[in-house]
Amino acid sequence: MGLFDILGPVMVGPSSSHTAGAVKIGYVSRRLMGEEIVEAKILLYGSFLATGKGHGTQLALVAGLLGMKPDDERIPHSLEIAKERGIKLSFGEAILKEAHPNSTQLLLVGKSGRKLEIVGESLGGSIINIAQIDGLSANFSGDYATLIVHNHDQPGHLAEVTSMLAHKSVNIAKMQLYRSNRGGNAVMVIECDQEIPQGAIQWLAHLEGIEKVTYLSLEES
Amino acid sequence: MGYKYLHEIVSVAEKNDKPFWKIILEDDCTERNVSEVESFETMRGMLHAMQEADMHYDPTLHSASGLVGGDGAKLERFRLEGKSLFGEFMSQIMEKAVKMSESNACMKRIVAAPTAGSCGVLPAVLLSYEEQKQLPEDELVKALFVAAGIGSVLAESSSISGAEGGCQAEIGSASAMAAGAVVYMEGGDNEQIIHATALALKNMLGLTCDPVAGLVEVPCVKRNVSGAVNAVVCAQMALAHIKSAIPPDEVIDSMRRIGKQIPACLRETGGEGLAITPTAQRIVKELSEK
Ligand code: SF4
């Protein structure tokens, strides 16, 4: 933990895990979508479901999806703001297996019709983990620029991605690989020290065998 | 952070002939790869956020559950009527601690120190000290570095999460951090800083986390008051050259072990203690019908 995780963060209360962490999950999801969200199904699990109301967890998640950060004083009014912007919201209970007690499942639709499904966990002290993207494991904190590539489990894709990153002088901080089964769906999650140029991400998305590319940029748009 | 023990910070400070706060600042600079000015200004930002939160207290607000709100104003009125049992300083501390925690429960902006649940302790002590003694702002920022350094050691060697170590880890840690900060502001030496920390922590060992309806409201808000007052009480003992018989790092290790022994039902799960009293159960029922 850094010094300003101990003395900090500046946040809207009441709970670092149930409020600030929830805003962060929403915020990272919004960044991952890469465009405005027009529809969101927000499903809560465990302690998020049980005590979320009093902690403003729903308000916090919606605030994040609107692009607010944990210290934004508009968080308590996020539902009204979403309504003004014509965003379709619905809430419910998430059915998850062996999930962290503070978890949420978000089913999102973007302006262009792009769909994204996120399972986010709030680990305490406003530290979060994006556990799943579109049903496949991911596990990243959202503190780095992060590239998530869904591809067919076949040789060569990893090399394509890493050589592209090397070419763009992007240093890899952390990398993980998951797959559903041999030859099935696979995912790579790459956390980077530098931002990846937009053009390179588009190039990647068009390669054969690459199903979907999702990118978390930390740059303010 | 690079330091797991308070005595480590003290010996590095003494070897390099630098103040306690500077060692913490330098550590942050290395960790985050930032300049000393940047680190200092980030901390100043935390102070300003605390001051703003204190100023923007709204006595008309109530939390979503309705359990919390308006008590800060009651304490203020009591003090202004001249009825305080304590002097101005302590009375103001009590008041500010309640106000900040109420603001937190009412979804206002606060500074987690070390957590949102314990966010009232440190600013209550610091901001009251500032008002009473007119300390230059830079000194308050340095006091925050002292507090943050102590908090970092607690996080490294024990815990600052109620779910992990009980409330001793939240209000206890906040109180220990504030105690060290007061000793610094009063011009105490490094040994006095860490002994104030130990004394404050010892008074909070074993404190459980059993909030009603799982909300950061009851007992949290009022517990911030005792955490803040305890900090000053222990700082005064340390300044009077009273030492903790158990060395500070051994106290922290006890806190870690005790935290592990506190059963899960008393670590923010709502399974025991205040959380299952008939009144708490009634409140839970009412909330679910809301
Ligand atoms: S009782 Fe639990 S939630 Fe409340 S302040 Fe203490 S540790 Fe935090």
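Ordered by the number of other Cβ atoms lying within 10 Å of each residue's own Cβ, fewest first, B:F86, B:F20 fall into the sequence B:F86, B:F20.
Placing unit charges on each Cβ (+1 for Lys and Arg, -1 for Asp and Glu) gives region A:145-216 a dipole about its Cα centre, and among A:Q154, A:Q194, A:N171 the Cα reaching farthest toward its positive end belongs to A:Q154. Other residues within the sphere of radius under 12 Å centred on the Cβ of B:I9, judged by their own Cβ, net out at -3 (K and R +1, D and E -1).
Considering only A:K83, A:K41, A:K97, the mean-square fluctuation computed in a Gaussian network model of chain A, springs between alpha carbons under 10 angstrom, is largest for A:K97. May I ask for the net charge around B:V153, where only other residues with Cβ less than 10 Å from the Cβ of B:V153 are counted and Lys, Arg are +1 while Asp, Glu are -1? Value of the local net charge: -2. Per-peptide packing, taken as the mean over residues of other Cβ atoms within 10 Å, places B:130-140, B:36-46 in the sequence B:36-46, B:130-140 from highest down.
Annotation: cysteines of chain B without a disulfide-compatible partner (Cβ-Cβ under 4.7 angstrom) are B:C29, B:C106, B:C119, B:C220, B:C234, B:C265. Once the other residues with Cβ under 13 Å from the Cβ of B:P211 are scored (Lys, Arg +1; Asp, Glu -1), what is the net sum? Around B:P211, the surrounding residues sum to -2. Inter-part distance, region B:164-239 to region A:118-194, computed on C-alpha centroids, equals 41 Å. Note on region A:8-133: Rg/Rh from Cα positions, Kirkwood definition for Rh, rounded to two decimals, is 0.93. Report the residues of region A:138-162 in range of a label on A:E208: point 7 Å along Cα→C-beta, backbone N strictly under 14 Å from it. Those under the cut-off are A:152, A:154-157. The alpha carbon gyration tensor of the protein assembly as shown gives principal lengths a ≥ b ≥ c with a/c of 1.5 or higher and a/b greater than b/c, which makes the shape prolate. Exposure proxy ranking for B:L274, B:L215, based on other Cβ atoms within 10 angstrom of each Cβ and starting from the fewest, stands as B:L274, B:L215.
In summary, region A:56-99 shows an alpha-carbon radius of gyration equal to 1.28 times the 2.2 N^0.38 Å reference for compact globular proteins. Going by a ≥ b ≥ c, the root eigenvalues of the Cα gyration tensor, does region B:206-290 fall in the rounded group (a/c under 1.5), the prolate group (a/b larger than b/c) or the oblate group? Because a/c hits 1.5 or more and a/b fails to exceed b/c, region B:206-290 counts as oblate. Note on B:A245 and B:F89: the extension gain reaches 53.3 nm, defined as 0.36 nm multiplied by sequence separation minus the Cα-Cα distance. Here r is the Cβ-Cβ distance between A:E195 and B:E137 and R0 is 41 Å; the resulting FRET efficiency, rounded to 0.05, is 0.70. Overall form of region A:139-205: oblate. Here a/c, set by the Cα gyration tensor axes a ≥ b ≥ c, is 1.5 or more, and a/b is not larger than b/c. If the segment from A:F91 to A:L158 were pulled out straight at 0.36 nm per residue, it would be longer than the present Cα-Cα gap by 20.4 nm.
Each reported figure results from applying straightforward, stated rules to the coordinates on display, with no laboratory input. The structure displayed is predicted, hence computed values, not measured ones. Note: ideal-geometry Cβ built from the backbone for every residue, glycine included; neighbour counts use all protein chains shown.
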